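Below: one structure, written as structure tokens.
The values are calculated or read from the model by the stated rules, or taken from the named source; none is laboratory data. As the structure is a prediction and not an experimental result, all values here were calculated from the model. Here Cβ is always computed from backbone atoms with ideal geometry, including for glycine, and neighbour counts include all displayed protein chains.
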């Protein structure tokens, strides 16, 4: 049996390397433990460690017993200076914007508006924990997650997200028609 410090180190390594939300079950499997209590205690200790001003990281607990290690907002500008590649491609970002603007929205409507690549984009967004999907008949209903709201610094409700998107696009001089269009141009997918 591994000691509690080693367990914390393993959990930290898992969350750091994943770069996306990780379920409690997955953490337990990778750490090879069946003790949910020990893992939750280790996560709680890590969370406390990151809450201080001395850390640039924070550990978020998301719905569905998922955990995400991320950079604190105040350090994002500094890190952007060295990042060469955006976290999401332009096409994926457009699909995310479409979902955020129209949520809750059926996956089939997203595909109709964004094209066939939207299915791949949705998969990426689900893996990163930025959207969630609920089965409805033969399609999925898509909406943004609390992680999306946290990362984009917006209140976690559809009308606030829609308003923030409209304001942001207006600031950038982008026509809102691209969010309302049935089939945007194929570039950037």
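Quick one: in the stretch 1-34, of everything that is within 17 Å of the chain's Cα centre (by Cα) and in a loop (DSSP other than H, G, I, E, B), which residue is surrounded by the fewest Cβ atoms within 10 Å (Cβ to Cβ)?
The selected residue is 19.
Residues that are more than 30 Å from residue 112 (Cα to Cα) and in contact (Cβ under 8 Å) with a residue 12 or more places away in the chain: does the stretch 78-95 have at least one?
First, the residues of the stretch 78-95 that are more than 30 Å from residue 112 (Cα to Cα): 78-84.
Those left that are additionally in contact (Cβ under 8 Å) with a residue 12 or more places away in the chain: none.
Scanning the stretch 78-95, I find no residue that is more than 30 Å from residue 112 (Cα to Cα) and in contact (Cβ under 8 Å) with a residue 12 or more places away in the chain, so the answer is no.
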- Message: Please verify whether residue 55 is at negative phi and in a helix (DSSP H, G or I), treating the condition exactly as stated.
- Response: no
- Item | In the stretch 148-159, residue surrounded by the most Cβ atoms within 10 Å (Cβ to Cβ) [restricted to those that are more than 16 Å from residue 97 (Cβ to Cβ) and in contact with a strand residue (DSSP E or B) (Cβ under 9 Å, 6 or more places away or on another chain)] | 150
- How many residues are modelled with pLDDT of 85 or more and in a helix (DSSP H, G or I) if we restrict to the stretch 74-124? 27
- Query: For the stretch 96-137, how many residues meet the condition of being farther than 22 Å from residue 160 by Cα and free of Cβ contacts under 8 Å to residues at least 12 places away in the same chain?
  - Reply: 6
- Identify, from the list 47, 72, the residue that is surrounded by fewer than 19 Cβ atoms within 10 Å (Cβ to Cβ) and within 27 Å of residue 169 (Cβ to Cβ). 72
- Task: Scan the stretch 135-189 for residues that are at pLDDT 85 or above, under 17 Å from residue 95 (Cβ atoms) and outside any helix (DSSP H, G or I) and report the count.
- Result: 7
- Residues located in the stretch 125-134, provided they are at pLDDT 90 or above and either out of contact with any helix residue (DSSP H, G or I) (no Cβ under 7 Å at 6 or more places or on another chain) or assigned to a helix (DSSP H, G or I) (or both): 125, 126, 132, 134
